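One structure is given here, and the rest of the page talks about it.
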Amino acid sequence: MSDQEIGRVQVIQQIVKKQLNQRQAAKQLCLSVRQVKRLTRAYQREGPKGLVSKKRGRRSNHQLDASTQVQAVALLRAHYLDFGPTFAHEKLTEDHHLALSVETVRLLMMHAGLWRAHRARQPVIHQLRTRRARYGELVQLDGSPYDWFEGRAPACTLLVYIDDATGRLMELWFTEAETTFSYFEATEHYLRRHGKPLAFYTDKLGVFRVNQPQDLQGTGMTQFTRAMEQLGIEVICANTPQAKGRVERVNATLQDRLVKEMRLRGLANRAAGNGYAPQFIADFNGRFAVPPREAENAHRPLLPQDNLARILTVQASRVLSKDLTLQYNKVIYQIQSPRPGYALRHARVVVCENRFGEIAIEYKGKPLQYTVYRYQARHAEVTPSKQLDLALEPLVQATQKRKPYIPPPDHPWRRFRVSNKSKQQAVNLPG
């Protein structure tokens, strides 16, 4: 008997002995008076045995069919071996039309040895920050280096944009590394799809913030911050990773869900991943996004003067010499101008470089014609740690030894045999 049934025996015995009436007993047992009458009759007829549940030891009417259990476990082993119970339940329901609950899938995975419960981490207390009220008011962005294609392609970085008010994924973009040009490219896709948010919330990466005090020259802004200022978007740097916890947590979710979704579809390069990203974003937002507190959309449309092709470039100011030359990125450029040479002497121009390496030189907003005069010798450059692998990759490929060619077993070379007669003739040759 269970503890509950033993307690009922004691109360029913008091009813039989006239020490307790049925209404008082019903109140103690949290049952109806009718149920107490039934239990009393069963006790008088069979004794304590009459209070034992008749369902004990019998197969449940709602038990999962054995064939369905076998089918579910087979699918889990074949396709979802390293999936969690929740994600595996979604796939079994949507792709295989198995009507199972998350708890049922979890128990099946535990019994089959495919998953085991993890000990809950000790919670770390951080000061809570209320979500922003409007969609597009604050967008958190971060880069997540990871082996996203599980060896089918080189490890790369995923740039993630997520709205603070709704938790909606706004943009996903696979790129080689976190660089200014990669963020320019991803941000251009964001702006053309959604418009201009009020602010971006980032970490202290050198793309967003000048971290060396000696580099605080001119405007004291990075190229990304300068471009966002021209578009009217504020860039805010978080003091700690926990401060932008929403994008940090979604990075961990993407390293689980997105990796497995791309595995199921056989995606094996960054281009395929970027092509699939909009479909994944729509599915993700349908599951996890929440409505904002205010219905107003804080995104602003792009204006005619917002020339993204020019704004999203690396821009540097230079002063022309007497012979109308300037130096940029270890290259000397000669300005070709129809106006008199003295008119542009010591003029301040702007050199704009896009992500394709194309150079434009502007004076008062108008382009100047130029030719490359001379390339200068390269000197040691300062490389951020996150871009070190990218800088070393060409050198590694150039210095890798070529593997010797080993012919296959059916190659004609392997079928060639020297006869004993030929060997004897070679031995008897004069000299």
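The values are calculated or read from the model by the stated rules, or taken from the named source; none is laboratory data. Given the structure is predicted, the values throughout are model-derived calculations rather than measurements. No Cβ is skipped: glycine too gets one built from the backbone with ideal geometry, and neighbour counts run over all protein chains shown.
Results for (1) basic (Lys, Arg); (2) surrounded by fewer than 18 Cβ atoms within 10 Å (Cβ to Cβ); (3) part of a loop (DSSP other than H, G, I, E, B), shown as yes or no for each residue.
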residue: Ala165; (1), (2), (3): no, no, yes
residue: Leu172; (1), (2), (3): no, no, no
residue: Thr187; (1), (2), (3): no, no, no
residue: Arg192; (1), (2), (3): yes, yes, no
residue: Val207; (1), (2), (3): no, no, yes
residue: Asn211; (1), (2), (3): no, yes, yes
- Task: Considering only the stretch 253-290, state which residues are touching a Ser or Thr at 6+ places or on another chain (Cβ under 9 Å) and more than 30 Å from Arg134 (Cα to Cα).
- Result: Arg270
- Could you grab me the full set of residues in the stretch 97-130 that are touching a Lys or Arg at 6+ places or on another chain (Cβ under 9 Å) and buried (at least 16 other Cβ atoms within 10 Å of the Cβ)? Met109, Leu114, Trp115
- Query: Hey, among the residues in the stretch 232-279 that are in a strand (DSSP E or B) and of a type outside the set (Val, Ile, Thr), which one's nearest to the chain's Cα centre (by Cα)?
  - Reply: Cys237
- Read through the list (1) closer than 18 Å to Thr313 by Cβ; (2) modelled with pLDDT of 95 or more, then give the number of the only condition that Tyr201 fails. (1)
- Message: All but one of (1) at pLDDT 90 or above; (2) in contact with a helix residue (DSSP H, G or I) (Cβ under 9 Å, 6 or more places away or on another chain) hold for Arg246; state the number of the condition that does not hold.
- Response: (2)
- Note on the structure: Filtering the stretch 138-155 down to residues that are crowded, with 21+ Cβ neighbours inside 10 Å and of a type outside the set (Phe, Trp, Tyr) yields Leu138, Val139, Gln140, Leu141, Asp142, Gly143
